[in-house]
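**Student:** Let me begin by handing over the structure; questions about it come next.
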Amino acid sequence: MTTYYVTQEQLDFIQELKERVFPLNVLFTESNRYQNIKAGLSSQEEKELLRYLGGDTSIKFKVKEQLYRLYLVDVLGQRNYFTISNATALPDRTVVKEKAFVETLEEIKKWKTPAWEIEKVQHGK
């Protein structure tokens, strides 16, 4: 079985499509909604979605967990993101968002101090 992780909104739409007798008709008639959902799917996931709607039971969709990161604004007004140095395994900071420490809210709260703010991570970013 192959599992694909999607947002809650995507999963709700997939479930709604699965319950329809003619799911592809919904895709064509609600194309704006589908375009928004599809934006977060890779081309492979989109193909698997069509196989899933066609009855392939080896495919499963689950909600990916919301992730968060910590940041603070320095004296220059620039966002600094919390990270953990690979060399020392100690907390550090970076201005490169992609290098930030990203985790579930439960884990992020373990590292938060009054200086740091929490922000949601958009999936895929």
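**Student:** Find the relative contact order for segment 80-120 and round it to a whole percent, using C-alpha pairs within less than 8 Å whose residues are 6+ positions apart.
**Tutor:** Computed over segment 80-120, the figure is 30 percent.
**Student:** Considering only Tyr5, Thr57, Pro91, whose Cα is most displaced toward the positive end of the charge dipole of segment 1-121, charges sitting on Cβ of Lys, Arg (+1) and Asp, Glu (-1)?
**Tutor:** The one lying farthest along the dipole's positive direction is Pro91.
**Student:** Grab the other residues whose beta carbon is less than 12 angstrom from that of Thr94, score K and R as +1, D and E as -1, and report the net.
**Tutor:** With Lys, Arg at +1 and Asp, Glu at -1, the neighbours total +2.
**Student:** Follow-up question, since we're still on this one. Within the chain, what is the number of lysine pairs with alpha carbons under 12 Å apart, leaving out pairs fewer than eight places apart on the same chain?
**Tutor:** Value for the chain: 4.
**Student:** Relative contact order for the chain: what is it in percent, counting Cα pairs under 8 Å that are at least 6 residues apart?
**Tutor:** 26
**Student:** Using a 1.4 Å probe and counting only protein heavy atoms, arrange Thr104, Thr88 so the residue with the most accessible area comes first.
**Tutor:** Greatest to least solvent exposure: Thr88, Thr104.
**Student:** I'm spelling it out carefully: the read-out is Cα Rg over 2.2 N^0.38 Å, the candidates are (1) 1.01; (2) 1.11; (3) 1.39, and one was derived from this structure. Which label?
**Tutor:** Here the calculated entry is (3).
**Student:** On to the next question. Using helices alone, I'd like the mean residue ellipticity at 222 nm for the chain: each DSSP H run of four-plus residues gives -39500 (n - 2.57), total over residue count, nearest 500.
**Tutor:** It comes out at -10000 deg cm²/dmol, rounded to the nearest 500.
**Student:** Mind pulling the angle between the C-alpha long axis of helix 8-19 and the longest principal axis of the chain? Nearest 10 degrees, somewhere in 0 to 90.
**Tutor:** The angle comes out near 10 degrees.
The values are calculated or read from the model by the stated rules, or taken from the named source; none is laboratory data. Source: prediction; values computed, not measured. Note: ideal-geometry Cβ built from the backbone for every residue, glycine included; neighbour counts use all protein chains shown. For the accessible areas, the whole protein counts, side chains as well, though only heavy atoms, and no ligand, DNA or RNA atoms are used. Shrake-Rupley method; radii C 1.70, N 1.55, O 1.52, S 1.80 Å.
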